[in-house]
Amino acid sequence: MSANSHRIWKYGDDVNTDVIFPGKYTYTVSHDPAELARHALEDLDPQFAANVRPGDVIVAGRNWGNGSSREQAVTCLAHAGLRAVIASSFARIYYRNAINNGLLAIPCPEIVSVVSAGDVLEIDMENATLIWDGREFGFPPLPAQVRDILDANGIIPYLQAKHL
Amino acid sequence: MGSVLAISQDRLKSTGTETKRDTAYGSFAMAMTATEKLLARASGSSAAKPGEVLVIEPDVILSHDNTAAIAQLFEQLPHRRVKYPERLAITLDHAVPPPNPGHARNHQAVRRFVREHGIGNFYEVGRGICHQVLCEEGLVGPGLTLLGADSHSTHFGWLGAFSAGIGRSEVAALWATGELWLRVPETIRIRLSGELKTGVTSKDLTIHLIGQLSSEGASYKAVEFDGGGLNSLTPDSRAVLTNMMAEMGAKNAWIAPDGVTWAWLENIMRRTRAHDCRERLAYFRDNALYPDTDADYAEDHHIRLGCIEPVISCPQSVDNVLPLSEVGEIPVDLGFIGTCTNGRLEDIAAAAEVLRGRKIRARLLVIPASSMVLRDASAAGYIAALIDAGATVGTPGCGPCMGVHMGVLAPGEVCVSSANRNFRGRMGEPEARIYLANPAVVAASCVAGHIIHPADLL
Ligand code: SF4
């Protein structure tokens, strides 16, 4: 599998932050990468944290990440090695948190209904395209200011670099 | 950005000390919604179009128990100092009093940060929930902008402010630089007319709306309420609307300041900041912004308040809405009245009215949204009525709302709650079930032992 090929975990609509990262840990688990990764999707799919591999992606339905503003719902996935979440749509704060923590969040409703768990897709950032089974699916490119933050791997590294 | 930015910085400083602004902001470049105007001004510009990315300087930056975690991110930044310490507002509210040493250490770290950076707007354990406290303290008001590390930061729109929730890294960045990128949202207008029937509250209206438009019905969008129907909505019940628009995915929600708003602000600030109440009020009056009559809205909805029936959100999403009359006989283990959504005086009064002279069968936990609410509820005799009926009254704060402590559920238990979220695991236990309703319904359900409207109690 090439670095650009990503194995898919598939979930449904309205996956909220409480099942991505349980609220009961929000003040006790904040920054420890391994600990964060261990609780990823704990209340939704206990198989995920045990079996996710670096470079995997999640493909999900509408309104991924609705609910709390807790950033661990993004960082737990990033630390689990997830490359991107691709969804029909994202909850607003989740989408911001993803960009600001360097996790790719790609709104692309067209691909969601055609792919299955375990399939492999490719992400072409330059052309804002997803490729699956030889078919191409476009997604909206990010505004330049926002892309800069994502490329820096998040707003903290972005400000660190900018300050120098 | 020149002169406008300079003015806007003066304006921003006033979170701590008053700055009189004598330059008129009347000259916007185009017809705009209130949200567009508020964002344009906060970015030092005379116009803002939906879809545009602006860099804004908010007046207030909110955080709570998560302040210590944000401070850890902040410490990774080279800036070292908080750019505008007077704009920060910090409450301890999520796990109060601390239920275990981990939370106690977290609070300790927050207090250390507050001391080190000279944060004046700091509210200790027991003062109440961030959204309620910042309103009571007159830190937010008409025309101001707030960004908060909490998803219910949409709350402050009931005072005519722009307010939105953001993540922890962004708050760290804001502390360092004072500014942040925001996409100008499209605005949905919801016109309200008429009056709610007896036994129907703004919680029913809000749940009804979320059921109609869905949990992503306002995703990335602003929601502005207007129309004569607002006249009949009290301050406490307006806050329910804007608070819970977070559950519709909204970036912010907004209600035009009117006589009701000004009277509330004046009364409350006389109590919390008597020394500068007049100046603060004048400052809010100067800054208040209103939409243009020819502004562009992405959607227009009209709601006749008289048609709203009591409703309930069923597990496990807020937009899973049923008329209360169709929910069937659902046994209840715990009732919970509290939270930033429905933990105010009006809510506790409604519960006390139902409970006076009755005994509860199911447990009932009541947690006032602030120390002021607790004090007023106690002075009015509501707390006595609750306790006589068998309820438990807790320390002002979030209580079990997010499943951390103080009333979390056991597997298989059913809670009917006045809160805002009923997601799986929200109150700590994935196998518990949460129904959302207005506070009088919660109280009545505890009396009956199953979900019921107070009008149907024997
Ligand atoms: S009461 Fe609940 S929803 Fe409101 S701020 Fe606290 S935890 Fe969040």
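Each value in this text was obtained by applying a stated rule to the coordinates, not by laboratory testing. Predicted model, so just to flag it, every value in this text is computed and none were measured. Reconstructed Cβ throughout: ideal geometry from the backbone, glycine too, with neighbour counts over all protein chains shown.
What fraction of the DSSP beta bridges in the range B:311-458 is antiparallel, stated in percent and rounded to the nearest 5?
Around 25 percent of the beta bridges assigned by DSSP in the range B:311-458 are antiparallel ones.
Using a Debye calculation, one point per C-alpha and no hydration shell, please list log10 I(q)/I(0) for chain A at q = 0.11, 0.16, 0.20 Å⁻¹ in order.
-0.41, -0.89, -1.39
Looking at chain B only, what percent of DSSP beta bridges run antiparallel? Nearest 5 please.
Taking every DSSP beta bridge with both residues in chain B, the antiparallel ones total about 20 percent.
Volume per residue, Å³, of the convex hull around the alpha-carbon atoms of the range B:114-186?
Considering the Cα atoms of the range B:114-186, their hull volume per residue is 113 Å³.
Report, as an integer, the average count of C-beta atoms from other chains found within 10 Å of each Cβ along B:175-183.
3
Read phi for every residue in the range B:130-138 and hand back ³J(HN,Hα) as whole Hz from Karplus 6.51 cos²θ - 1.76 cosθ + 1.60, θ = phi - 60°, with x for Gly and Pro.
2, 5, 6, 5, 5, 5, 4, 7, x
Rg and Dmax in Å for chain B, alpha carbons only: what are they?
Cα-based Rg and Dmax for chain B come out at 21.2, 67 Å.
Take the Cα radius of gyration of the range B:197-350 and divide it by 2.2 N^0.38 Å, with N its residue count; two decimals is plenty.
Compared with the compact-globule rule of thumb, the range B:197-350 sits at 1.16.
Hey, got the average number of other protein chain Cβ atoms within 10 angstrom for residues in B:70-81?
3
To test your reading of the geometry: what angle, between 0 and 90 degrees and rounded to tens, separates the Cα axis of helix B:101-116 from the longest principal axis of chain B?
For B:101-116 against chain B, the angle is about 20 degrees.
Among B:Ala298, B:Gly167, B:Gly118, flag the residue with its Cα farthest along the positive direction of the charge dipole of the protein assembly as shown, charges on Cβ as +1 for Lys/Arg and -1 for Asp/Glu.
It is B:Gly118.
Going Cα to Cα from B:Lys197, which lysines come in below 29 Å? Please leave out same-chain ones fewer than 8 positions away.
B:Lys359
Let's see if you can work this out: charge +1 on each Lys and Arg Cβ, -1 on each Asp and Glu Cβ, no other charges. What is the dipole magnitude of chain B about its Cα centre, in debye to the nearest 20?
In total the dipole reaches around 1080 debye.
Give the relative contact order (percent, whole number) for the range B:403-458; include only Cα pairs under 8 Å separated by 6+ residues.
Dividing the mean separation by the residue count of the range B:403-458 yields 30 percent.
Based only on the alpha carbon positions, what is the Kirkwood hydrodynamic radius of the protein assembly as shown, in angstrom?
24.5
If the only charges are +1 at each Lys and Arg Cβ and -1 at each Asp and Glu Cβ, what is the size of the charge dipole of the range B:352-409 around the Cα centre, to the nearest 20 debye?
Around 220 debye, computed over the range B:352-409.
Can you sort B:Glu36, B:Glu179, B:Glu186 from fewest to most other Cβ atoms within 10 Å of each residue's own Cβ?
Lowest count first: B:Glu179, B:Glu186, B:Glu36.
Using θ = phi - 60° and the Karplus form 6.51 cos²θ - 1.76 cosθ + 1.60, what ³J(HN,Hα) does each residue of the range B:141-157 get, whole Hz, x for Gly and Pro?
Per-residue couplings from phi come out as x, x, x, 8, 10, 9, 10, x, 7, 7, 5, 8, 5, 4, 2, 5, x Hz.
Output the 0 to 90 degree angle, nearest 10, between the alpha-carbon long axis of helix B:259-272 and the longest principal axis computed from the alpha carbons of chain B.
90
Ordered by residue, what ³J(HN,Hα) values in Hz, to whole numbers, does the range B:350-360 give under the Karplus form 6.51 cos²θ - 1.76 cosθ + 1.60, where θ = phi - 60° and Gly and Pro are x?
5, 5, 4, 4, 5, 8, 4, x, 10, 10, 8
Exceeding 23 Å between C-alpha atoms, which entries from my cross-link table qualify? They are B:Lys37/B:Lys251; B:Lys49/B:Lys221; A:Lys162/B:Lys49; A:Lys162/B:Lys83; A:Lys162/B:Lys251.
Exceeds cut-off: A:Lys162/B:Lys49; A:Lys162/B:Lys251.
Looking at the protein assembly as shown only, what percent of DSSP beta bridges run antiparallel? Nearest 5 please.
Roughly 25 percent of the beta bridges in the protein assembly as shown run antiparallel, per DSSP.
Please list, by residue number, every one of the trypsin sites (Lys or Arg not before Pro) in the range B:80-149 that is coil in DSSP and has at most 15 other beta-carbon atoms within 10 Å.
Answer by residue number: B:Arg80, B:Arg81, B:Lys83.
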